[in-house]
Amino acid sequence: MKTFLQLVFLSILSFATVAQAEVQTQEIDYTQNGTTLKGYIAYDDAIKGKRPGILVVHEWWGHNKHARNRARMLAGIGYTALAVDMYGNGKTADHPKKAGEFMNAAFKDWKTSKARFNKAKEVLQAHKTVDSKRIGAIGFCFGGAVSIRMARGGADLDGIVAFHSALPLEPAITNMKASVLVINGSEDSFLKPESVGSFSSQMVAGNVDFTYLNLSGIKHSFTNKQADEFNKRFNIPNLQYNKQADERSWSAMRQFFQRIFNQTGN
């Protein structure tokens with residue numbers, strides 16, 4: 001009887017230990033050139049030792065719940081993720097016109113945007129759970145284009161994944177270190193077919209480890225569950241969430257990061 005009770009106690013203790021191990025999240029403030037940036041970091045405290053870190057760059061709406069949800073999802077599969085703030089002071093847009101203004105300003109002042117991205121990268125690399133030599137980024141819409149531009153400019157990243165993203169053709173590819181995975185919908189009217197061809201040609205000419213995944217019949221913003229709401233509210237038919245495309249693209253991202261981080265020592 002005593003042995004049986006001991007086994008029961010150990011089982012309960014083991015269950016309690018597992019139950020306590022979960023994804024931890026924290027809102028953090030960091031500054032760049034006097035501007036406060038609002039970050040959101042997520043990691044699984046059940047994982048021992050350091051792991052790769054991944055930056056999550058938001059859509060043109062700003063640092064919102066979509067970016068934070070993706071950070072938690074990344075933490076759930078073994079990474080430490082930081083949802084970054086590219087607009088400053090946690091600004092978010094409640095209308096496409098304002099979102100466009102924020103996005104255009106960020107690209108116009110690329111020097112500041114680049115510095116904000118790099119500051120977030122420093123914050124992520126300094127986190128206690130992160131292997132500072134293994135860093136990636138993912139981005140959605142605006143965030144995808146930001147991640148691509150950083151990679152093109154030679155940012156010290158192992159890899160980036162861009163979802164329903166614009167395809168910037170600048171800066172010129174210089175000493176590009178990052179592997180690249182772009183996942184877009186074939187029915188995304190924000191993308192011109194010729195831009196896909198030009199971008200892909202540049203990646204090949206630059207000898208970049210590059211994959212372009214074209215999702216047949218899929219529109220823009222397919223990962224964001226609010227896309228249909230935005231479609232109706234602002235009359236933007238090109239916005240449409242797609243569960244299958246969301247799950248397929250996430251699976252492709254997981255395989256991509258497993259490959260590149262294994263190459264760098266995971």
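I'd like to know if the range 129-150 contains one or more residues that are in contact with a helix residue (DSSP H, G or I) (Cβ under 8 Å, 6 or more places away or on another chain), free of Cβ contacts under 8 Å to residues at least 60 places away in the same chain and at positive phi.
Within the range 129-150 (the criterion being in contact with a helix residue (DSSP H, G or I) (Cβ under 8 Å, 6 or more places away or on another chain), free of Cβ contacts under 8 Å to residues at least 60 places away in the same chain and at positive phi), the answer is no, since none of the residues qualifies.
Hey, among 113, 132, which residue is assigned to a strand (DSSP E or B), small (Gly, Ala, Ser) and at pLDDT 95 or above?
On the way: 113 fails: assigned to a strand (DSSP E or B).
132 is the lone residue from the list that is assigned to a strand (DSSP E or B), small (Gly, Ala, Ser) and at pLDDT 95 or above.
Across the range 160-179, which residue is nearest to the chain's Cα centre (by Cα) among those that are part of a loop (DSSP other than H, G, I, E, B) and small (Gly, Ala, Ser)? Walk me through it before giving the result.
First, pick out the residues of the range 160-179 that are part of a loop (DSSP other than H, G, I, E, B): 164-178.
Keeping just the survivors that are small (Gly, Ala, Ser) gives 165-166, 172, 178.
Details: 165: 12, 166: 14, 172: 23, 178: 14 Å.
This residue is 165.
Condition first: charged (D, E, K, R) and under 15 Å from residue 253 (Cβ atoms). Now tell me which residues in the range 48-71 satisfy that. Can you show your working first?
At the first step, the residues of the range 48-71 found to be charged (D, E, K, R) are 48, 50-51, 59, 65, 68, 70.
If the condition is that a residue be charged (D, E, K, R) and under 15 Å from residue 253 (Cβ atoms), then 70 is the only one that fits.
Condition check ((1) touching a residue at least 60 places away in the same chain (Cβ under 8 Å); (2) touching a helix residue (DSSP H, G or I) at 6+ places or on another chain (Cβ under 9 Å)) across all residues:
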| site | (1), (2) |
| --- | --- |
| 213 | no, yes |
| 222 | no, yes |
| 232 | no, no |
| 236 | yes, yes |
| 245 | yes, no |
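Going residue by residue through the range 49-68, is there one that turns out to be more than 16 Å from the chain's Cα centre (by Cα) and surrounded by fewer than 18 Cβ atoms within 10 Å (Cβ to Cβ)?
yes
What residue, of 178, 252, 162, 227, is crowded, with 18+ Cβ neighbours inside 10 Å, out of contact with any Ser or Thr (no Cβ under 6 Å at 6 or more places or on another chain) and under 17 Å from residue 144 (Cα atoms)? Working first, answer last.
Numbers: 252 fails: crowded, with 18+ Cβ neighbours inside 10 Å; 162 fails: out of contact with any Ser or Thr (no Cβ under 6 Å at 6 or more places or on another chain); 227 fails: out of contact with any Ser or Thr (no Cβ under 6 Å at 6 or more places or on another chain).
Within the list 178, 252, 162, 227, the selection yields 178.
Filter the range 217-247 down to residues that are among the aromatic types (Phe, Trp, Tyr) and part of a loop (DSSP other than H, G, I, E, B) and give me whichever is farthest from residue 139 (Cα to Cα).
Taking the range 217-247 first, the residues among the aromatic types (Phe, Trp, Tyr) are 222, 230, 234, 241.
Restricting the remaining residues to those that are part of a loop (DSSP other than H, G, I, E, B) gives 222, 241.
Details: 222: 13, 241: 16 Å.
The extreme case among them is 241.
Can you tell me which of (1) out of contact with any Pro (no Cβ under 9 Å at 6 or more places or on another chain); (2) in contact (Cβ under 8 Å) with a residue 40 or more places away in the chain; (3) closer than 25 Å to residue 101 by Cα is the one residue 189 doesn't meet?
(1)
Please enumerate the residues belonging to the range 203-216 that are assigned to a strand (DSSP E or B), more than 17 Å from residue 136 (Cβ to Cβ) and of a type outside the set (S, T, N, Q). Give the steps one after another, and end with the answer.
Step one: of the range 203-216, the residues assigned to a strand (DSSP E or B) are 210-215.
Retained after the next criterion (residues that are more than 17 Å from residue 136 (Cβ to Cβ)): 212, 214-215.
Matches in the range 203-216: 212, 215.
Scan the range 86-107 and tell me whether some residue there is in contact with a Lys or Arg (Cβ under 9 Å, 6 or more places away or on another chain) and either buried (at least 23 other Cβ atoms within 10 Å of the Cβ) or farther than 30 Å from residue 236 by Cα (or both).
Yes, because at least one residue in the range 86-107 is in contact with a Lys or Arg (Cβ under 9 Å, 6 or more places away or on another chain) and either buried (at least 23 other Cβ atoms within 10 Å of the Cβ) or farther than 30 Å from residue 236 by Cα (or both).
Name the single residue that is modelled with the highest pLDDT among those in the range 1-45 being assigned to a loop (DSSP other than H, G, I, E, B) and touching a strand residue (DSSP E or B) at 6+ places or on another chain (Cβ under 9 Å). It would help to see each step written out before you state the result.
Of the range 1-45, the ones assigned to a loop (DSSP other than H, G, I, E, B) are 1, 21-22, 33-34, 45.
Adding the requirement that they be touching a strand residue (DSSP E or B) at 6+ places or on another chain (Cβ under 9 Å) leaves 21-22, 45.
Values: 21: 59, 22: 88, 45: 94.
Across the range 1-45, the extreme among qualifying residues is 45.
Exactly one condition in (1) at pLDDT 95 or above; (2) touching a helix residue (DSSP H, G or I) at 6+ places or on another chain (Cβ under 7 Å); (3) not basic (Lys, Arg) is not met by residue 173; state its number.
(1)
If I filter the range 192-202 for residues that are farther than 30 Å from residue 51 by Cα, of a type in the set (Val, Ile, Thr), modelled with pLDDT of 95 or more and assigned to a helix (DSSP H, G or I), do I get at least one hit?
Taking every residue of the range 192-202 in turn, at least one turns out to be farther than 30 Å from residue 51 by Cα, of a type in the set (Val, Ile, Thr), modelled with pLDDT of 95 or more and assigned to a helix (DSSP H, G or I).
The values are calculated or read from the model by the stated rules, or taken from the named source; none is laboratory data. For clarity, every value in this text was computed on a predicted model and none was experimentally measured. Heads up, the Cβs are rebuilt from the backbone with ideal geometry, glycines too, and the neighbour counts pull from every protein chain shown.
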